[in-house]
Amino acid sequence: MAERRVNVGWAEGLHARPASIFVRAASAAGIPMTIAKAGGSPVNAASMLAVLGLGAQGGEEIVLASDAEGAEAALDRLAKLVAEGLEELPETV
(Lines give C-alpha, C1' and ligand atoms only; values in the text may rest on other atoms or scores of the structure.)
Protein backbone atom coordinates (compact mmCIF):
# COMPACT_ATOMS: atom_id res chain seq x y z
CA MET A 1 0.00 0.00 0.00
CA ALA A 2 1.32 3.43 -0.98
CA GLU A 3 1.14 6.05 1.76
CA ARG A 4 1.96 9.72 2.21
CA ARG A 5 2.15 11.54 5.54
CA VAL A 6 1.67 15.28 5.28
CA ASN A 7 0.79 18.24 7.50
CA VAL A 8 -2.36 20.17 6.59
CA GLY A 9 -1.29 23.47 5.01
CA TRP A 10 -4.63 25.26 5.28
CA ALA A 11 -4.70 27.38 8.45
CA GLU A 12 -8.37 26.51 9.01
CA GLY A 13 -7.72 22.80 8.44
CA LEU A 14 -9.82 20.54 6.25
CA HIS A 15 -13.07 22.44 6.68
CA ALA A 16 -15.57 23.81 4.13
CA ARG A 17 -13.65 25.22 1.14
CA PRO A 18 -10.35 23.36 1.71
CA ALA A 19 -12.23 20.08 2.19
CA SER A 20 -14.16 20.73 -1.02
CA ILE A 21 -10.92 21.36 -2.92
CA PHE A 22 -9.36 18.22 -1.46
CA VAL A 23 -12.39 15.98 -2.19
CA ARG A 24 -12.61 17.20 -5.80
CA ALA A 25 -8.90 16.44 -6.26
CA ALA A 26 -9.26 12.99 -4.67
CA SER A 27 -12.23 12.21 -6.91
CA ALA A 28 -10.41 13.45 -10.01
CA ALA A 29 -7.50 11.13 -9.26
CA GLY A 30 -9.70 8.26 -10.41
CA ILE A 31 -8.41 5.74 -7.87
CA PRO A 32 -9.76 4.72 -4.47
CA MET A 33 -7.83 6.30 -1.63
CA THR A 34 -8.23 6.98 2.05
CA ILE A 35 -7.37 9.81 4.39
CA ALA A 36 -6.86 9.57 8.13
CA LYS A 37 -5.49 11.58 11.00
CA ALA A 38 -2.16 10.12 12.11
CA GLY A 39 -3.07 7.13 14.25
CA GLY A 40 -6.76 7.37 13.34
CA SER A 41 -9.16 5.30 11.27
CA PRO A 42 -9.02 5.88 7.50
CA VAL A 43 -12.04 7.21 5.61
CA ASN A 44 -12.88 7.58 1.92
CA ALA A 45 -10.92 10.58 0.60
CA ALA A 46 -13.59 11.25 -2.05
CA SER A 47 -16.38 11.69 0.52
CA MET A 48 -17.02 15.26 1.65
CA LEU A 49 -18.82 14.14 4.81
CA ALA A 50 -16.06 11.70 5.73
CA VAL A 51 -13.33 14.31 5.21
CA LEU A 52 -15.20 16.93 7.22
CA GLY A 53 -15.80 14.32 9.93
CA LEU A 54 -12.05 13.94 10.44
CA GLY A 55 -11.85 17.41 11.93
CA ALA A 56 -8.26 17.78 10.70
CA GLN A 57 -6.78 21.09 11.88
CA GLY A 58 -4.14 23.26 10.23
CA GLY A 59 -0.66 21.84 10.81
CA GLU A 60 -2.00 18.44 11.88
CA GLU A 61 -0.53 15.33 10.26
CA ILE A 62 -2.76 13.27 7.98
CA VAL A 63 -2.11 10.02 6.15
CA LEU A 64 -3.15 9.50 2.52
CA ALA A 65 -3.13 5.89 1.31
CA SER A 66 -4.11 3.71 -1.64
CA ASP A 67 -3.25 0.30 -3.00
CA ALA A 68 -4.49 1.00 -6.53
CA GLU A 69 -2.30 0.99 -9.62
CA GLY A 70 -0.91 4.49 -10.18
CA ALA A 71 -1.33 5.39 -6.52
CA GLU A 72 2.21 6.75 -6.07
CA ALA A 73 1.74 9.66 -8.50
CA ALA A 74 -1.81 10.40 -7.36
CA LEU A 75 -0.80 10.47 -3.70
CA ASP A 76 2.15 12.74 -4.50
CA ARG A 77 -0.21 15.24 -6.16
CA LEU A 78 -2.69 15.17 -3.27
CA ALA A 79 0.05 15.42 -0.66
CA LYS A 80 1.39 18.53 -2.39
CA LEU A 81 -2.11 20.05 -2.54
CA VAL A 82 -2.63 19.46 1.19
CA ALA A 83 0.86 20.56 2.29
CA GLU A 84 0.76 23.79 0.30
CA GLY A 85 -2.86 24.59 1.20
CA LEU A 86 -3.68 25.48 -2.39
CA GLU A 87 -6.81 27.60 -2.88
CA GLU A 88 -7.58 26.17 -6.32
CA LEU A 89 -7.24 22.81 -7.96
CA PRO A 90 -4.11 22.62 -10.07
CA GLU A 91 -4.72 21.62 -13.69
CA THR A 92 -2.74 18.41 -13.20
CA VAL A 93 -4.74 16.79 -10.40
Hits in the stretch 40-60 - residues which are open to solvent by 70 Å² or more (accessible area, probe 1.4 Å) and out of contact with any helix residue (DSSP H, G or I) (no Cβ under 6 Å at 6 or more places or on another chain): S41, P42, L49, Q57
What about E84, is it among the charged types (D, E, K, R) and under 15 Å from R17 (Cα atoms)? yes
Quick check on my filter: what residues within the stretch 1-47 are part of a loop (DSSP other than H, G, I, E, B), in contact with a Ser or Thr (Cβ under 8 Å, 6 or more places away or on another chain) and closer than 11 Å to I62 by Cα? P42
Flagged pairs (Cβ under 6 angstrom, 6 or more apart or on separate chains; first in the stretch 18-30, touching a residue at least 60 places away in the same chain (Cβ under 8 Å); second assigned to a helix (DSSP H, G or I) and surrounded by 15 or more Cβ atoms within 10 Å (Cβ to Cβ)) are A25/L78; A25/L81; A29/A74
Quick count over the stretch 1-23, residues being modelled with pLDDT of 95 or more and charged (D, E, K, R), is 3
Would you point out the residue of the stretch 66-85, among those that are under 13 Å from the mean Cα position of the chain (by Cα) and either at positive phi or open to solvent by 70 Å² or more (accessible area, probe 1.4 Å) (or both), that is modelled with the lowest pLDDT? G85
Pick out the one residue from I21, I31, I35 that is more than 10 Å from the chain's Cα centre (by Cα), surrounded by 16 or more Cβ atoms within 10 Å (Cβ to Cβ) and of a type in the set (V, I, T). I31
For the stretch 56-65, give me the residue count where each residue is out of contact with any Asp or Glu (no Cβ under 8 Å at 6 or more places or on another chain) and farther than 16 Å from G85 by Cα. 0
Among the candidates V63, V51, which residue alone is at pLDDT 95 or above, within 10 Å of the chain's Cα centre (by Cα) and assigned to a strand (DSSP E or B)? V63
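The values are calculated or read from the model by the stated rules, or taken from the named source; none is laboratory data. Being a predicted model, the structure only gives us computed values, none of them experimental. Note that each Cβ is placed from the backbone with ideal geometry, even for glycine, and that neighbours are counted across all protein chains shown. To get the accessible areas, we keep the full protein, side chains included, count just its heavy atoms, and leave off ligands, DNA and RNA. Shrake-Rupley method; radii C 1.70, N 1.55, O 1.52, S 1.80 Å.
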